[in-house]
Every structure is written in structure tokens, then in C-alpha cells.
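Throughout, read-outs are computed from the coordinates displayed, never taken from laboratory work. Values in this document were obtained by computation on a predicted structure and should not be read as measured data. So basically every Cβ, Gly included, is an ideal-geometry build from the backbone, and we count neighbours across all protein chains shown.
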Amino acid sequence: MNFSLTLLSATLLLTTSVMAQKPETLDLWPANQIPNAVPNETVQEKSEMGKDGILRISEVKVPTLTVFLPPKNKATGAAIMICPGGGYALLAYGHEGEEMAKWFTERGMAAFVLKYRLPDDRLQTNKHEVPLADAMQGMKLIRQNAAKWNVDPNRLGVLGFSAGGHLAATLSTHYHRGAAASEEAKPNFAILMYPVVTFGAKAHGGSRDRLLGKNASPEQIAYYSNELQVSEKTPPTFLVHAEDDKAVPVENSIDYYLALKQFNIPAEMHLYPTGGHGYALRTQGKGSVEGWPTACENWLKSMRLLEKK
């Protein structure tokens with residue numbers, strides 16, 4: 001009898017623990033108040049698991065933020081919002097979102113995966129404004145709920161992969177620009193993984209055309225070429241890129257790094273001879289790029305983000 005009670009108690013404790021760790025998902029915007037949204041019932045969100053084990057999401061109509069929290073006894077108070085990539089055509093939500101979130105929570109940081117809307121004339125007006133609006137709202141929501149999630153609002157960063165890296169760099173360089181400018185949306189630090197940065201000569205054409213259309217003006221192209229928009233307000237940044245990246249040329253990271261240095265913004269860049277594109281944590285057999293997570297962890301330590309305050 002005592003054994004049964006002990007087993008029951010242990011089971012209940014385990015169940016409670018699992019339930020407590022289940023990620024919470026919030027809509028970014030109040031219902032019927034999503035900016036730039038165009039009602040269109042013929043388009044529905046798609047979610048597909050590929051043969052490579054990667055969850056991909058497209059046709060996003062209702063953007064969300066999914067909350068991954070570390071155990072309270074490990075929580076440092078630091079946090080990061082994650083922007084998966086996918087060329088502004090889809091979101092590689094599995095390995096560039098959820099898997100990365102778990103990596104951060106294991107190190108005591110809260111992580112928030114952003115399911116942002118993808119530019120689509122069928123679903124939005126001024127589609128080029130939409131991903132940034134969602135990213136800014138995500139940062140605001142995290143700060144507004146900082147006490148609830150045990151997050152220090154002054155230790156909140158952004159991570160972006162590929163086109164999600166373009167979004168993270170845009171957030172880093174544009175949060176204070178335009179009518180929607182907001183200090184509440186500012187990242188305190190940024191991590192850019194094989195990011196799309198420029199819409200100029202070394203652009204990833206697919207990302208540029210999806211965001212701006214094929215007939216973008218030179219002014220638009222310059223405005224969203226983030227190496228040209230770095231200022232003294234841009235946050236400290238960690239960059240990773242493989243030199244054999246056939247999708248996004250390595251110059252995207254190099255030029256952003258040089259722009260940061262021009263304004264004396266603390267920056268660390270890791271370039272690897274091999275690795276290709278889109279690897280996230282799946283680096284086995286890709287050469288020295290396997291070491292990027294360790295390098296990133298060391299950078300986080302140097303920023304004192306992995307220690308409690």
C-alpha cells in the first residue's frame with residue numbers, strides 16, 4: 001500500500017511537472033485588430049512536417065508567441081525572442097524555433113518563438129511592414145509580461161535565422177524609426193545566424209522579392225538593407241555564417257559586422273569554411289561549424305546572460 005501511494009505521488013508530481021513545462025502560446029494581437037490584415041477565408045495556415053523532420057509553417061494569418069521557460073531554479077532572468085527563417089515564404093519553425101528554444105531554456109534563459117506573418121498581398125496591405133510590426137509587438141508583449149515570466153526587461157534579445165535574421169536585424173536597426181517607433185521593442189542584444197542582411201548586390205533575391213516585391217524602389221531597397229541602417233543605437237550582436245553558404249552570401253554577415261564596428265557596437269562574428277545554410281543545431285558532419293553553439297554559449301557568458309542577477 002505504501003509503495004502504491006509512493007508511486008501515485010511520484011506519478012502526480014511528474015505529471016504536474018510536465019504540465020507546468022508545457023509551452024504557452026499567445027496571440028500577438030487582439031482579435032480583429034491585427035494591423036494591415038485583409039480578411040481572406042480562401043487562405044488557411046499550413047503546417048507540414050517534412051521528411052527531414054523539420055516542421056514548416058506557411059500562410060500565417062494569426063501571428064503568435066510561444067513561451068518556453070527554464071526551471072525556476074535555473075532561470076537567469078535573461079530572455080530571447082526567436083525568429084525562424086524561410087525566405088519570408090515559410091517558417092522553419094521546428095529546428096530554427098522550438099529546438100533552439102529548448103537549447104536556451106537548458107541554459108537558464110527564457111525563449112519565445114515568434115510565428116510572424118509572411119508578406120502576402122492576399123492577406124495584407126503594405127506587406128513590407130508586416131513582419132517588423134509582428135516582431136515589435138512580440139518584444140512589447142514579452143516586456144509587458146516580464147514579471148509573470150520572470151524576465152528582466154533589460155536583458156531581452158532577439159535571434160534570427162536566414163530571413164528571420166533579416167527580421168532580427170531590421171528590428172535591431174529600425175525599432176526607433178517611423179510612426180511605430182518604440183523603445184519597448186528594442187532588443188538588448190542580437191544573434192544572427194546565416195542572416196539575410198542586405199537587399200543590394202549580395203541579397204537573397206527570394207527574401208527581397210517576397211518582402212518588397214519585384215519592383216522595389218532604390219529607396220526601399222536601401223531602407224531594408226540593414227548594413228546601411230546600423231547606428232549607435234544598434235545592440236551588441238553575435239553573427240554566424242558558413243563561407244560555402246550558397247543561399248545567403250557570407251558578405252551579408254561580414255558587411256553587417258563592419259557596420260557595427262564603424263559605430264563601435266560590440267560584435268563577435270564566427271565564419272566557418274563549410275556548413276552550407278539552414279543547419280541551426282543540426283551541424284553533425286558539417287565540419288567546424290559544429291562548434292558554433294559552444295562559441296555562442298561563451299558569448300552569452302561574456303554578456304553575463306547565463307548568470308542570475
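Applying 1/(1 + (r/R0)^6) with R0 = 22 Å to the Cβ-Cβ distance of Asp244 and Lys214, what FRET efficiency is obtained, to the nearest 0.05?
According to the calculation, E is roughly 0.20.
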query: Which three semi-axes in whole Å describe the equivalent ellipsoid of region 100-250, each the square root of 5 times a Cα gyration tensor eigenvalue, listed largest first?
result: 25, 18, 14
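How big is the charge dipole of region 15-109 about its Cα centre, in debye rounded to the nearest 20, if each Lys and Arg gets +1 on its Cβ and each Asp and Glu gets -1 on its Cβ? Please report the intermediate quantities before stating the final value.
On the way: 9 positive and 11 negative charges, 72 e Å.
The calculated dipole for region 15-109 is roughly 340 debye.
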- request: Name the residues whose placed amide hydrogens come within less than 5 Å of the amide hydrogen of Ala242, ignoring near sequence neighbours (fewer than 5 apart) on the same chain.
  value: Tyr272
- request: Work out which helices of the chain, taken as complete DSSP H runs, extend at least 24 Å along their axis over the Cα atoms and score a mean Kyte-Doolittle of -1.0 or more, then list them.
  value: 2-21
query: Between Thr125, Leu228, Tyr257, whose Cα lies farthest towards the positive end of the dipole of region 43-302 when Lys and Arg beta carbons carry +1 and Asp and Glu beta carbons carry -1, centred on the Cα centre?
result: Thr125
message: Test of understanding: ordering Lys214, Lys202 by Cβ neighbours within 10 Å, fewest first, what list do you get?
response: Lys214, Lys202
query: With each pseudo-label sitting 7 Å past Cα toward Cβ, what's the Val62-Lys301 distance in nm, one decimal?
result: 4.3 nm
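For the chain, report the convex hull volume of the alpha-carbon atoms normalised per residue, in Å³, without decimals.
On the way: hull volume 50.4 nm³, N = 309.
Given the Cα convex hull of the chain, per-residue volume reads 163 Å³.
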query: Any idea which of Ile57, Pro273, Leu69 is furthest toward the positive side of the dipole for the chain, if Lys and Arg beta-carbons carry +1 and Asp and Glu beta-carbons -1?
result: Leu69
- prompt: Which distance in Å, rounded to a whole number, links the C-alpha centroids of region 205-220 and region 231-280?
  reply: 22 Å
message: Using Cβ counts within 10 Å as a stand-in for footprinting exposure, how do His174, His270 rank, fewest first?
response: His270, His174
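Using R₀ = 35 Å, calculate the FRET efficiency as 1/(1 + (r/R₀)^6) where r is the Cβ-Cβ separation of Gln44 and Gln262; round to 0.05.
Rounded to the nearest 0.05, the efficiency is 0.20.
Can you tell me how much longer the chain between Asp52 and Ser182 gets when fully stretched, taken as 0.36 nm per residue apart minus their C-alpha distance, in nm with one decimal? Don't skip to the end; give the middle numbers.
Working: separation 130, 0.36 × 130 = 46.80 nm, distance 3.90 nm.
That works out to 42.9 nm of additional length.
Using the Cα centre of the chain as the reference point, and only Cβ charges (+1 on K/R, -1 on D/E), how large is the resulting charge dipole? Debye, rounded to the nearest 20.
On the way: 32 positive and 31 negative charges, 134 e Å.
About 640 debye.
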